[in-house]
Every structure is written in C-alpha cells, then in structure tokens.
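Peer 1: Please find one structure pasted underneath; my questions will follow.
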Amino acid sequence: MRHFPIFLDLRGRRVVLAGGGEAALAKLRLILKSEAKVTVFAADPAPEIVEWDAERKLRLVKRTFGPGDALCAALAYAASEDDAEDARVAALARADGALVNIVDNLDGSAFITPAIVDRDPVTVAIGTEGAAPVLARKIKADLEAALPSSLGVLARIGQGFRAAVNVLPMGRKRRDFWSEYYFNIGPKALEKEGETGADLALGDLLVDHLSAAPVKGRVDLVGAGPGDPELLTLKARKLLDKADVVIYDRLVSREILELARREALMINVGKKGFGPSTKQTDICASMVEHAAKGDHVVRLKSGDPGVYGRLDEEIDALDTANVDWSIIPGITAANAAAAQLGQSLTKRGRNGALRFLTGHDVKGFAEHDWRGLARPGEVAAIYMGARGARFLQGRLMMHGAAPDTPITAVENASRPDARVIASTLARLPADLEAAAPDGPVILMLGLSPRQAQIALPRLQEEFA
Ligand code: SAH
C-alpha cells in the first residue's frame, strides 16, 4: 500500500487550486464537499468557478498562481492540464509547505484524491493507487446503489447520541446497541416518523438495552474452506463479521482472516505437521475462557472442521464447561483438489466409494486397509500424506497396486498459488521431491488431472 488512506480535518483550513478548466472543475466538485476555505487561481476560469465565487463557496483570484500563494495551505492542487505549468505550481506550493497534488500525475503528487461515496458523516473513499480508475468507478457505483441514502441521516442522529450510550459497557453490549439501531430500529423509525422518530427510538432502545439480561458467550466451530475466501459459506462469513474472538489454525488463509471484524481478538493456534504446536488442551481452555466472559468465539479451522480437525476434543471441552456451540461445515481440501483437477470424486463404473485417509496419525505413518486401496479404480484423498509418500507407495505396491496407478498431489488447492503435481504410484516420491512443495498438500489416489487424461484423444480427434 503506497498511499495510506486517512481522513483529513479541513474545517477552516486553506486549500488552494491552480487552474480553471475541466480538471479544476472535477476536483473542485469534490473539495467543495469539505469545509475548507478554497482559493482558486485562474486567469481564465470556467463560468462555474465564477459562479461559485459569487456564491462565496470559494474565492477566485483571476491570475496565474505565484510564489507565496500556498502559504498556510493544507493542500494545493495543480490542475491547469499543462505539464510545465503544473510542475511550476507544484514547486512553488511545495516551497510554501503545502501537500501537493498534480492532477493525473501520480509521481508528482504527495497525495491522491480517492473516489468518494458521500453519505455524510459516513464517507467511503476508494483508491486504486491510480492503477485502475475504471475499477474505482465500478466500486463506487456498486456502493452508491448498496448504501441507502438514509444512512447519513441515521449516522448524524447516532453521532449526537454517542456520549449517552457510554453508560453501556464497552465492547459487545455497545456494539449490539448500535447494530440494532443502524440495521433495525433506526431505519424503521426514520421511514415511519422521520428524523424525530429516529431520535426518540434511540432513547427507547437505550432503556431496553440497559435492562437486558447479560449475553451468554458461545463458540461456533467454523470451517474456513481450503483457502479461497469465495469458498467460505455465507454462515462462516456472517459469523466472522460478528465474532469477538477468532481462534484460528495455521492453514486458514490471510485473506479469510482479513474478513474478521476489525476489533476481534485474533488468536493464532497454528501448528505445522510435525512442528511446534499450541497444545490441544490450551486451545480448548482458550475457547472456554473467552466464552465464559460472554464473548462470541469463532473457532476457525481450515477446510471442514470435522475432517482431521480434532473437533470432538473441542466439543467435549465445551460440553464439560457448559458452553453453547454449533458446527458450521466447510469445503474440505479433497473437494477443492478434485475441482482443481477437473475431476469428480465419485464416478459411475469407476468408484462408488471415496475414502479420506490421513498420512500420519498419533503413532506415526498411518496404517489403512491397503489391500482394498490397492484395487484398480479406488479413489482416496490422502491428507497430511506428502511426507509419507514413500511409505504409502511401499504399502500399496506390496498389496498389489499397479505401479502406474495415477496419483496426483495438489498443493494449495483453491489458492492463487495452487500447484498440481501429476504422478503415478511408481514415481510419486521422486516427483514430490523434485517439486518440493511448501504449502499444504493433499494426495489424490486414483485421480489424474482431467486435462492430461483427455488431451491425447482430443488431439487425435482434432487431427483426424
Ligand atoms: N480440516 C481440513 C484438513 C486439516 S488437516 C480440511 O477439511 O481440509 C491438514 C491437511 O489438509 C494438510 O496437511 C493437507 O493435506 C490438507 N489441506 C488443507 N488445505 C489444503 C489445501 N488448500 N490444499 C491442499 N491440501 C490441503
């Protein structure tokens, strides 16, 4: 992030702008939304600027910009649409100590002006570092449509009430009060009885909340899916929005953690395969401790919480401590890997059953029904199996599996850096060693990438 977004208090501050054409007008329309004292320097100003001067919305000085014109100015805009003139203005304004923006010149500017969605006092600023103005316009249009025009009025009424609401304890109670106002009571009262109604409703709501029973904490055991944030369920998304505390595993992607409420306490209990880990008992204790304080805890686990997630131990701990909980399923790595391969997990005439295996368990490399797995057409998703590839190969071949049985390793399934390593049982350990994956890997026994599988017949067909 090269440009750091902030909101500048321009009340009564001086802002100068040099230029009188289209670029100047576009910027002035934005600047005039603020409470700054705006001075425009233009020898030949557009009629709108002359009008705004007459209406005292700004002060027009009918000459080109000169030394000292930006003294005491917070911001200076060079908007003459002439590179040499803009550079001259920028140098003078900089010397006067102002922050300078040259219109459409990112590198010459100390700041840039974002696209704005205005629901004063709610303001949304959209910036793309100058990279994609089209994108900024689209986002702005979407937000304009999504944010009701009453939002600004509600926020202004709410603003006047903030001090009174401080009688509620900080955190969840205060937040619940405001969300009920903004998303339920406020809009209804405003629609029915106008601003006075919305104002009165705030008082009534506060009385209700002051006399309400204390909230009971709870834990939701939520599947975060394989990594792509778009593969989160709507429920997971909503819970992340509400959580007071998020306790997450190492494999939960950064993009998904970004979706948690800003103020949420984020606790990393990540453990890496064979590496150091937070003890399971500590994870359970942490969940119970926060829920006991009345917090809403989201226990975020990669994929589906019920697949190799030690879910039962966590549920037992919650039951023992009498904490309410629920499970929100997620998309497991096997689903994402199959999608990545363009393959289905079950197929008529190939496999009517699908197995999930773990490559290692508490005792080390895990034992399974190797004879069954070695049969042609079997499909199994092997979690945590990359390190045990040689063991797996040995066991399967010993029980009669064909050396050319397809097996595909998928690293970082569903993520932008996903990698598909197509292999066979005979070559698996060598292929994995050569690929040296360092993200999570799932092995798909019995499946190869669809593209590779159909490429040959399709080529033959095309050239027939
Ligand atoms: N609950 C998870 C699995 C946790 S066990 C789920 O349902 O997916 C951790 C193992 O899951 C990793 O060692 C790896 O085998 C697999 N895994 C998780 N995310 C993955 C991903 N994005 N790509 C490939 N494998 C993944």
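Peer 1: Report, by residue number, each residue of the stretch 347-378 that is under 22 Å from V307 (Cα atoms), aliphatic (A, V, I, L, M) and away from the ligand (no atom under 16 Å from the Cβ).
Peer 2: If the condition is that a residue be under 22 Å from V307 (Cα atoms), aliphatic (A, V, I, L, M) and away from the ligand (no atom under 16 Å from the Cβ), then A353, L373 are the ones that fit.
Peer 1: I've got another one for you. Identify all residues within the stretch 292-316 that are crowded, with 16+ Cβ neighbours inside 10 Å, of a type in the set (D, E, K, R) and within 15 Å of the ligand (Cβ to nearest atom); write none if there are none.
Peer 2: R299, K301, D304, E314
Peer 1: While we're on this one: Taking strands (runs of 3 or more DSSP E) that fall entirely within the stretch 15-102, which contain at least 2 residues that are among the small types (G, A, S) and open to solvent by less than 40 Å² (accessible area, probe 1.4 Å)?
Peer 2: On the way: elements: 37-41, 59-61, 73-78, 99-102.
Of the strands (runs of 3 or more DSSP E) lying wholly inside the stretch 15-102, those with at least 2 residues that are among the small types (G, A, S) and open to solvent by less than 40 Å² (accessible area, probe 1.4 Å) span 73-78.
Peer 1: Next question, about the same structure. On the basis of being touching a strand residue (DSSP E or B) at 6+ places or on another chain (Cβ under 9 Å) and open to solvent by 30 Å² or more (accessible area, probe 1.4 Å), does D361 make the cut? Steps first, answer last, please.
Peer 2: Values: touching a strand residue (DSSP E or B) at 6+ places or on another chain (Cβ under 9 Å): no; open to solvent by 30 Å² or more (accessible area, probe 1.4 Å): yes.
So D361 fails the test.
Peer 1: Of everything in the stretch 2-14, what is open to solvent by less than 50 Å² (accessible area, probe 1.4 Å) and farther than 15 Å from S109 by Cβ? Give them in sequence order.
Peer 2: We begin by selecting, within the stretch 2-14, every residue open to solvent by less than 50 Å² (accessible area, probe 1.4 Å); these are 3, 10, 12.
Of everything in the stretch 2-14, those that are open to solvent by less than 50 Å² (accessible area, probe 1.4 Å) and farther than 15 Å from S109 by Cβ turn out to be L10, G12.
This table checks each residue for (1) under 23 Å from S302 (Cα atoms); (2) of a type in the set (K, R).
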site	(1), (2)
R350	no, yes
L354	yes, no
V362	yes, no
G377	no, no
N412	yes, no
S423	no, no
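Peer 1: When the residues of the stretch 222-232 are filtered to those that are out of contact with any helix residue (DSSP H, G or I) (no Cβ under 6 Å at 6 or more places or on another chain) and open to solvent by less than 50 Å² (accessible area, probe 1.4 Å), which remaining residue is farthest from the ligand (Cβ to nearest atom)? So that I can check it myself, show each step before the final result.
Peer 2: Filtering the stretch 222-232 for residues out of contact with any helix residue (DSSP H, G or I) (no Cβ under 6 Å at 6 or more places or on another chain) gives 223, 227-228, 230-232.
From what is left, the residues that are open to solvent by less than 50 Å² (accessible area, probe 1.4 Å) are 223, 227-228, 232.
Details: G223: 7, G227: 4, D228: 8, L232: 13 Å.
Top of the filtered list is L232.
Peer 1: Right, something else. Residue under question is V410, and the condition is that it be modelled with pLDDT of 95 or more, within 11 Å of the ligand (Cβ to nearest atom) and within 23 Å of Q451 (Cα to Cα); does it hold?
Peer 2: Numbers: modelled with pLDDT of 95 or more: yes; within 11 Å of the ligand (Cβ to nearest atom): yes; within 23 Å of Q451 (Cα to Cα): yes.
For V410, the condition - modelled with pLDDT of 95 or more, within 11 Å of the ligand (Cβ to nearest atom) and within 23 Å of Q451 (Cα to Cα) - is met.
Peer 1: Given the condition touching a Ser or Thr at 6+ places or on another chain (Cβ under 9 Å) and closer than 20 Å to A125 by Cα, answer yes or no: does some residue in the stretch 31-39 qualify?
Peer 2: Taking the stretch 31-39 first, the residues touching a Ser or Thr at 6+ places or on another chain (Cβ under 9 Å) are 31, 33.
Retained after the next criterion (residues that are closer than 20 Å to A125 by Cα): 31, 33.
Looking through the stretch 31-39, at least one residue is touching a Ser or Thr at 6+ places or on another chain (Cβ under 9 Å) and closer than 20 Å to A125 by Cα.
Peer 1: Write out, first by first residue and then by second, each pair whose Cβ atoms fall under 6 Å of each other, whose residues are 6+ apart or on separate chains, and whose first residue, in the stretch 335-356, is open to solvent by less than 70 Å² (accessible area, probe 1.4 Å) while the second is part of a loop (DSSP other than H, G, I, E, B) and β-branched (V, I, T).
Peer 2: That search, which allows pairs on different chains as well, returns N351/V379; L354/T346; L354/V379.
Peer 1: Counting just the residues of the stretch 380-407 that are within 16 Å of the ligand (Cβ to nearest atom) and either of a type outside the set (G, A, S) or surrounded by fewer than 16 Cβ atoms within 10 Å (Cβ to Cβ) (or both), which one comes out modelled with the lowest pLDDT?
Peer 2: By that ranking, first place goes to R387.
Peer 1: Determine whether I256 is within 16 Å of the ligand (Cβ to nearest atom), over 24 Å from the mean Cα position of the chain (by Cα) and part of a helix (DSSP H, G or I).
Peer 2: On the way: within 16 Å of the ligand (Cβ to nearest atom): yes; over 24 Å from the mean Cα position of the chain (by Cα): no; part of a helix (DSSP H, G or I): yes.
In short, no.
The values are calculated or read from the model by the stated rules, or taken from the named source; none is laboratory data. Computed from a predicted model, the values in this text were never measured in an experiment. Quick reminder, even Gly has a Cβ in these numbers, built from the backbone with ideal geometry, and neighbours come from all protein chains shown. Each accessible area value is taken on the protein alone, full model and side chains, heavy atoms only, with ligands, DNA and RNA left out. Shrake-Rupley method; radii C 1.70, N 1.55, O 1.52, S 1.80 Å.
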